[in-house]
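Here the structure comes first, spelled out in structure tokens, and everything after it is commentary.
The values are calculated or read from the model by the stated rules, or taken from the named source; none is laboratory data. Everything numeric in this text was worked out from a predicted model, so none of it was measured. Ideal geometry is used to build each Cβ from the backbone, glycine not excepted, and the neighbour counts take in all protein chains shown.
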Amino acid sequence: MINQNKLIVSHAPFWHNGSGIAERSYNVMGAALLAVLAGFMRYGMPAVGVVCLSVSMAMFWELAYTRLTKMPDTIGDGNAAMFGLVLAMMLPATTPWWIVVIGTFLAIIIGRQIYGGIGSNAFHPAVLATAILIISWKNHFNFDGAYVAYNFDFLSRYPLGMLKNFGPRGIAHYDLMDLFLGRQVGGIGSGCGLALVLGGIYLMLRGYIRWEVSVSFLVGVFLTAQIFNMVNPERFAGPLFHILTGYTLLAAFFLITEDSSSPVNPLPMVIYGLGGGLLVVLIRNIGAHTDGTLYAVLTMNLVNPLLDKIRPKALGKVA
Amino acid sequence: MIKRSFFGLATPLFPYDPPPRPPADPLDIPLPETISLYIEKPFESVSAVKLKVGERVHAGQFVQLMPGDAEGTVSPVAGRVTAVEPYSGDFGRRYTRLTIAAEPSGPQDDAFAAVAAEPTLAGLTRYLSDCPGAPPLHLLDEGGPEIDTIVISGMDSDLLMATSQYVMESRVEDVKKGIAVLKQVAAEKHIVGVVPRDRIQGYGHMGCEFLAADASHPAGMPVKIMHDVFGRTVPAGQRVEDVGAAFFPAEAVAAIGRSVSEARVEMHKLITVIDKQGVTRMVSAVIGTPFSAILAACGITLGARDSLIVGGPMTGAAVYSTDHPVQADTDALMVQDSADVPLSSDYPCINCGECIRICPVHVPVNMLIRFLEAGQYETAAEEYDLHCCIECGLCSFVCPSHIPIFQYIRLGKYELERIKALEAEND
């Protein structure tokens, strides 16, 4: 007995499938990279600067917070970096550095850490941060103004702005295929539909995002826009235009799917996605904002806990 | 070890491991010098114990621990009692440990021969309750819960474990005899066998009906068998016997059959030994044999920080010492290398939903774990279906945060049970 080896007495199960949080974060970042690279090619070094600053500042804020509050360092799980990257994807390439610094602070500290850190955030941190930034510094998010110094070989007006101001006549010159291939102005990583869809399909297949949410969100956008368009085609744009412009595709695969702020039960996931899609088009078509995606996501984040109460009855549950 | 599929979207399957066909003979573990028996009865004091150190017992002798006890245990070997001492198990369970120095050529007790010649329920309950597979014979008694069905389970309840399936392949005659004996002593009960779906063929002559269950985890767990095969849902917090079923592992039925036909209490337990590489082999050891003897016979060496697990990889329980003995319900013994022991973390739930997708009984694990972590066991039980959990271990297996969900669930159930007992005591 005395000479016996010390054995580890842990608890069941003694197997684990090997998944981890870092793996999830890095896969989301990897999937986002395609759209980010498309942004780099479109906007050049300023975009690289914004993305790098955003990712590194997001990591810095988390590290600073965990050090200050004497919590264990969680920077290695890649979660803060992921939010930094997603935040940068929504920003214009010409965003001044101080907006990036403030934005990452809002995302990591206000949007995530004060709620209790990873898994506890009620809202998507990057969406919350961007929404605050847009309200506070509206001019820096004017995509028409942001890219005046650029010479594009395509129509360099922000499509949703054109739609808001001139209705469907204003967007007659946009080619849907052009929009899909990223020949439009917008956030660094939100312009190229093809890259976002490829990244999204990757994430859905690998199970890092819940496909039910993404698909029902897109279905929600499509159906609502289709109904509006059928009722009054003179006033409302078609569904594909709504899907290919603004933050719609970014939201479908990277924003509305965020783990902690979205539901996990089957029916709530579908309602959540459909509701998000409905709100996007409602805000764009009859609301005050040009692109309603961020507010749609935040509103759905708000109802998530309530929605997730709809759940299948557990086997053996008594009454 | 099963790893996450590259396509995480695909529904993972956890197939049970069937024994090879034809089944290889089990490795016989030689009778050890001493055996120990755990009797689930708290050890009060030396003076309260009837059985004294130094007393001789016969193989197959019914020994009473306390004076006036109806219950007792059957000594698997002949020998001399060398120690009677208290032992504390998991979750505060208290046992009395009986150590017997074995005498290989010691006398055989012949009291069981009379029971075997004329089997009665009381006689079988007295002598065979602690035989391999731990047949729940006491459930069939009048005083217990209303039982209408005896389920003979040829299903193993964990991965890599093949003990029950092995018995159904290799001890068919014993099982058949056991069924006949059960029919004789519990004539009014309905007897049904359950085997994995792909092995359902060939049980037509057994004397009872055989039904098929899915051959993947957790379909082999009794609560799931009741639901999937018999269409009876076990209400939360209750056991299969509360819906009228007594679960007899196939090995228990085989042991009853063999004991009665040989007029000698069968005490050789079949154990699936799972080595560090996950390779399994069947061994046969007398109940009470310390694990060290089995490991030595199988040529398995345990290093520092390795794990020794009673049961399978999903639901087993790690023990701290190789002196731990084979018990009547020890179906598997698993050895895990220190490098493979998964460690849990203190990360919170990130709400990824993997546990919700995999839970076979739709427990809202993501919410449940938040309440369990906060120690709010009552809310967990009332609102988040703590008692519906069938303890298959799959939620912890898939958790990317490495939260010990399964352990939290067990702890929650244990704490509630403890509170209930304390309240009952105070009333």
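Structure data summary
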| item | result |
| --- | --- |
| Residue in the stretch B:383-395 that is free of Cβ contacts under 8 Å to residues at least 24 places away in the same chain and within 30 Å of A:A22 (Cα to Cα) present | yes |
| Condition broken by B:I358, with the remaining ones in (1) at the interface with chain A (Cβ under 9 Å from one of its Cβ atoms); (2) in contact (Cβ under 8 Å) with a residue 60 or more places away in the chain satisfied | (1) |
| Test: residue in the stretch B:396-403 that is within 11 Å of chain A (Cβ to nearest Cβ), in contact with a Lys or Arg (Cβ under 7 Å, 6 or more places away or on another chain) and over 16 Å from A:K317 (Cβ atoms) | yes |
| Enumeration of residues in the stretch B:299-309 that are crowded, with 20+ Cβ neighbours inside 10 Å and either more than 7 Å from chain A (Cβ to nearest Cβ) or under 23 Å from B:V286 (Cβ atoms) (or both) | B:L302, B:L308, B:I309 |
| Conditions (1) under 23 Å from B:A114 (Cα atoms); (2) of a type in the set (A, V, I, L, M); (3) at pLDDT 95 or above; number of the one not met by B:A263 | (3) |
| Check on A:A251, away from chain B (no Cβ under 14 Å), aliphatic (A, V, I, L, M) and closer than 26 Å to A:I118 by Cβ | yes |
| Hey, B:K52 within 20 Å of B:G79 (Cβ to Cβ) and surrounded by fewer than 12 Cβ atoms within 10 Å (Cβ to Cβ) or not | yes |
| Residue in the stretch B:260-276 that is in a helix (DSSP H, G or I) and either within 14 Å of chain A (Cβ to nearest Cβ) or not small (G, A, S) (or both) present | yes |
| Residue selected from the stretch B:183-199 under the condition surrounded by 14 or more Cβ atoms within 10 Å (Cβ to Cβ) and of a type outside the set (A, V, I, L, M), by the criterion nearest to B:F248 (Cα to Cα) | B:G193 |
| Whichever residue in the stretch B:332-352 is β-branched (V, I, T) and facing chain A (nearest Cβ under 7 Å) and, among such residues, is farthest from A:R24 (Cα to Cα) | B:V341 |
| Some residue of the stretch A:2-16 being more than 14 Å from every other protein chain (Cβ to nearest Cβ), over 18 Å from the mean Cα position of the chain (by Cα) and of a type in the set (S, T, Y) | no |
| Helices (runs of 4 or more DSSP H) enclosed by the stretch A:13-92 - at least 2 residues per element that are hydroxyl-bearing (S, T, Y) and surrounded by 18 or more Cβ atoms within 10 Å (Cβ to Cβ) | A:21-43, A:45-68 |
| A:T104 away from chain B (no Cβ under 14 Å), in contact with a Leu (Cβ under 8 Å, 6 or more places away or on another chain), hydroxyl-bearing (S, T, Y) and surrounded by 19 or more Cβ atoms within 10 Å (Cβ to Cβ) | yes |
| Scan of the stretch B:404-426 for residues that are farther than 18 Å from B:Y384 by Cα and either at the interface with chain A (Cβ under 10 Å from one of its Cβ atoms) or of a type in the set (D, E, K, R) (or both), ordered by number | B:R418, B:K420, B:E423, B:E425 |
| Odd one out for A:K138, checked against (1) under 19 Å from A:L298 (Cα atoms); (2) within 19 Å of the chain's Cα centre (by Cα); (3) not hydroxyl-bearing (S, T, Y) | (2) |
| Extreme residue, farthest from the chain's Cα centre (by Cα), among residues of the stretch B:27-38 that are buried (at least 19 other Cβ atoms within 10 Å of the Cβ) and part of a loop (DSSP other than H, G, I, E, B) | B:P32 |
| Near pairs, Cβ below 6 angstrom, 6+ apart or cross-chain, from the stretch B:228-243 (touching a residue at least 60 places away in the same chain (Cβ under 8 Å)) to any residue that is surrounded by 16 or more Cβ atoms within 10 Å (Cβ to Cβ) and small (G, A, S) | B:A236/A:G316 |
| From B:K41, B:K50, residue being farther than 27 Å from B:L295 by Cβ, in contact with a Pro (Cβ under 7 Å, 6 or more places away or on another chain), in a loop (DSSP other than H, G, I, E, B) and more than 14 Å from chain A (Cβ to nearest Cβ) | B:K50 |
| Residue tally, condition small (G, A, S), more than 14 Å from B:I39 (Cα to Cα) and in contact (Cβ under 8 Å) with a residue 40 or more places away in the chain, over the stretch B:117-136 | 2 |
| Wholly within the stretch B:66-182, helices (runs of 4 or more DSSP H) carrying at least 2 residues that are among the aliphatic types (A, V, I, L, M) and exposed (fewer than 15 other Cβ atoms within 10 Å of the Cβ) | B:111-117 |
| Yes/no for B:F14 being at positive phi, in contact (Cβ under 8 Å) with a residue 24 or more places away in the chain and within 14 Å of another protein chain (Cβ to nearest Cβ) | no |
| Checking A:L160 against (1) in a helix (DSSP H, G or I); (2) in contact with a helix residue (DSSP H, G or I) (Cβ under 9 Å, 6 or more places away or on another chain); (3) surrounded by fewer than 15 Cβ atoms within 10 Å (Cβ to Cβ), the condition it does not meet | (3) |
| Qualifying residue in the stretch B:207-229 (condition: over 13 Å from B:S153 (Cα atoms), in a loop (DSSP other than H, G, I, E, B) and away from chain A (no Cβ under 14 Å)) | yes |
| Positions within the stretch B:211-222 being buried (at least 18 other Cβ atoms within 10 Å of the Cβ) and in contact (Cβ under 8 Å) with a residue 24 or more places away in the chain, in sequence order | B:A213, B:A215, B:H217, B:P218, B:A219, B:G220, B:M221, B:P222 |
| Condition broken by B:V326, with the remaining ones in (1) touching a Gly at 6+ places or on another chain (Cβ under 9 Å); (2) within 8 Å of chain A (Cβ to nearest Cβ) satisfied | (2) |
| Residue that is farthest from the other protein chains (Cβ to nearest Cβ), among those in the stretch A:258-281 that are small (G, A, S) and more than 21 Å from A:I134 (Cβ to Cβ) | A:G275 |
| Count of the stretch A:282-304 residues which are within 13 Å of chain B (Cβ to nearest Cβ) and over 19 Å from the mean Cα position of the chain (by Cα) | 0 |
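For (1) touching a Cys at 6+ places or on another chain (Cβ under 8 Å); (2) in the same structural domain as B:A250 (by TED's automatic domain parsing); (3) aromatic (F, W, Y); (4) modelled with pLDDT under 95, each residue gets a yes or a no:
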{"residue": "B:L121", "(1), (2), (3), (4)": "no, yes, no, yes"}
{"residue": "B:L124", "(1), (2), (3), (4)": "no, yes, no, yes"}
{"residue": "B:Y127", "(1), (2), (3), (4)": "no, yes, yes, yes"}
{"residue": "B:A134", "(1), (2), (3), (4)": "no, yes, no, yes"}
{"residue": "B:L137", "(1), (2), (3), (4)": "no, yes, no, yes"}
{"residue": "B:D148", "(1), (2), (3), (4)": "no, yes, no, yes"}
{"residue": "B:V151", "(1), (2), (3), (4)": "no, yes, no, no"}
{"residue": "B:S157", "(1), (2), (3), (4)": "no, yes, no, yes"}
{"residue": "B:A162", "(1), (2), (3), (4)": "no, yes, no, yes"}
